[in-house]
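Each value in this text was obtained by applying a stated rule to the coordinates, not by laboratory testing. Predicted model only: the values in this text are computed from it and were never measured. All Cβ positions, glycine included, derive from the backbone under ideal geometry; neighbour counts span all protein chains shown.
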Amino acid sequence: MEITAYIERCPETGLYAATVPSIPGAHTQGETLEELRLNLIEVVELCLEQMDSESRENMAEFIGTQQVRVAV
């Protein structure tokens, strides 16, 4: 199963953070992208174990990202 995560880097701490919007509670962080990847695998597996099969079948599908320009 392939899961898409959103990854950001905190400018203050330098830590990478990831979240999987389609899986409640699936978020983690790491000092490196490799550490983040390993942590993400672990948290996704744990979250999926707690979900029933119907919830897993009805997870939202990742479509893409979109940039918009706003006036501030």
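Observations
- Rg [Å, one decimal], Dmax [Å, integer] - the chain, C-alpha atoms: 14.1, 44
- Between 0 and 90°, nearest 10: helix 33-50 axis offset from the chain longest Cα axis: 30 degrees
- Around the Cα centre of the chain, unit charges on the Cβ atoms of Lys, Arg, Asp and Glu (plus for the first two, minus for the last two) sum to a dipole of about 420 debye.
- Signed unit charges on C-beta, dipole axis of the chain, positive-most listed residue Gln67, His27, Asn39: Gln67
- Ranked Val70, Val43, Val20, criterion: other C-beta atoms within 10 Å, fewest first: Val70, Val43, Val20
- Summary value for the chain: 21 percent relative contact order, contacts being C-alpha pairs under 8 angstrom separated by 6+ residues.
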